[in-house]
Amino acid sequence: MSRTLRSALLATAAATALLLSGCASTPSAGGEGDGDGLGTLKVGALQTPAGDILNHIAETSAKEAGLNIEFVPFTDYNTPNTALADGSIDANLFQNATFLQTFNEQAGGELVSVGEAYLPSAAFYSDKVSSLDELADGASIAIPNDPTNEGRALKLLASEGLIEVTDDVVDLSGITANPKDFEFREIENATLPQALPDVDAAFVTISFALPAGLTSDKAILLEGGDSPYYNVLATRPELKDDARVQKLYELLTSQETADFENETWGGLVVPVAKG
């Protein structure tokens with residue numbers, strides 16, 4: 001082998017070693033990473049408000065913390081947990097603890113909550129009346145057909161004395177008194193805004209209310225901050241203590257994020273109370 005060729009091969013080997021050394025210190029997508037960067041975390045959520053919150057954090061405080069948040073959008077309540085369970089995403093932000101528990105029980109899942117993040121207030125809306133008092137006997141009321149939000153809607157009506165329900169109500173069978181003989185229609189959550197013209201009132205969660213132009217000033221009954229239906233950051237058991245997940249939860253519950261939520265939605269999204 002000539003001296004020239006030997007020198008060229010040695011130079012190539014050195015360059016390759018240097019390149020591999022540099023790659024080894026770079027955080028990989030989906031991994032915790034080394035050095036100053038935490039790496040990438042894939043988080044599934046509906047666009048509003050969770051996606052808006054995640055995108056805001058991704059562009060501000062997460063960058064400063066060395067965390068890359070990859071927002072994965074979903075359009076329904078059925079697939080984010082399945083995607084989390086099969087490893088397609090690392091965490092999700094769309095459900096409350098009761099919804100998460102129901103999924104685990106029905107699907108044999110082991111997903112866990114990292115903690116409460118915010119309350120996406122739900123409300124009853126109407127195209128026909130401007131207050132609860134105007135709902136006539138036999139009024140038609142549309143409510144979500146999933147166990148968590150159906151029970152949530154019925155409990156909110158019960159809190160106003162319009163119906164009576166059991167403590168663990170999840171569907172219409174939990175109604176113990178309906179003095180005004182309301183006609184309840186169980187409808188897929190995502191289509192409730194479109195059902196408004198056909199009913200006297202409808203219960204709509206914020207993820208589907210805001211895109212339909214339904215804001216707090218149009219509600220005839222709005223859920224309060226004492227609601228137990230705060231959304232949680234969920235993940236798989238092996239990722240609960242992951243530095244990326246813990247950092248995201250810290251940022252989700254920061255005062256900076258609370259200010260963003262208050263300024264953007266004017267009380268319709270309620271941040272976790274500060275101690």
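The values are calculated or read from the model by the stated rules, or taken from the named source; none is laboratory data. Here the structure is a predicted model, which is why all the values come from computation and not from measurement. Cβ atoms come from the backbone with ideal geometry, glycine included; neighbour counts cover every protein chain shown. Note: areas computed on protein heavy atoms with side chains; ligands, DNA, RNA excluded. Shrake-Rupley method; radii C 1.70, N 1.55, O 1.52, S 1.80 Å.
Assorted remarks:
- Residue list for the range 151-195, given a label point 7 angstrom along the Cα-to-Cβ vector of Asp137 and an amide N cut-off under 19 Å: 161-164, 176-184
- Cα shape, the range 48-199, gyration tensor, a/c 1.5 rule: prolate
- Estimated at 0.36 nm per residue, the fully extended path between Gln246 and Ser88 surpasses their Cα-Cα distance by 55.0 nm.
- Total formal charge among the other residues, if their Cβ is under 13 angstrom from that of Ala201, Lys/Arg +1 and Asp/Glu -1: -3
- Whole-Å semi-axes of the ellipsoid equivalent to the range 209-275 (Cα gyration tensor, √5λ, descending): 27, 14, 12
- Taking all pairs of distinct alpha-carbon atoms in the chain, Kirkwood radius in angstrom: 20.8 Å
- Computed over the chain, the per-residue total of -39500 (n - 2.57) for DSSP H runs of n ≥ 4 gives a 222 nm mean residue ellipticity of -10000 deg cm²/dmol, rounded to 500.
- Area of Ser173 that stays accessible when all protein chains are in place (1.4 Å probe, Å², to 10): 100 Å²
- For the chain: accessible area per residue (Å², 1.4 Å): 47 Å²
- Counting only lysines at least 8 places from Lys128 when in the same chain, those with an alpha carbon closer than 25 Å to its own are Lys155, Lys180, Lys218.
- Computed over the Cα atoms of the range 39-93, pair by distinct pair, the Kirkwood hydrodynamic radius stands at 11.2 angstrom.
- Carbon-plus-sulfur accessible fraction, the chain (probe radius 1.4 Å, protein heavy atoms only): 51%.
- Reachable lysines, given that their alpha-carbon falls under 19 Å from the alpha-carbon of Lys240 and they are not under 8 places away in the same chain: Lys42
- Low-density loop positions, GluC sites (Glu not before Pro), the range 53-129 - DSSP coil, at most 15 other Cβ in 10 Å: Glu110
- Computed from Cα atoms, the angle from the helix 255-265 axis to the main principal axis of the chain rounds to 50 degrees.
- For the range 148-275, dividing the convex hull volume of the Cα atoms by the residue count gives 151 Å³ per residue.
- Here the gap between Leu172 and Ser254, fully extended at 0.36 nm per residue and compared with their Cα-Cα distance, gives a gain of 25.7 nm.
- Size estimate for the range 122-222 follows the Kirkwood approach: the inverse of mean 1/r over distinct Cα pairs works out to 13.2 Å.
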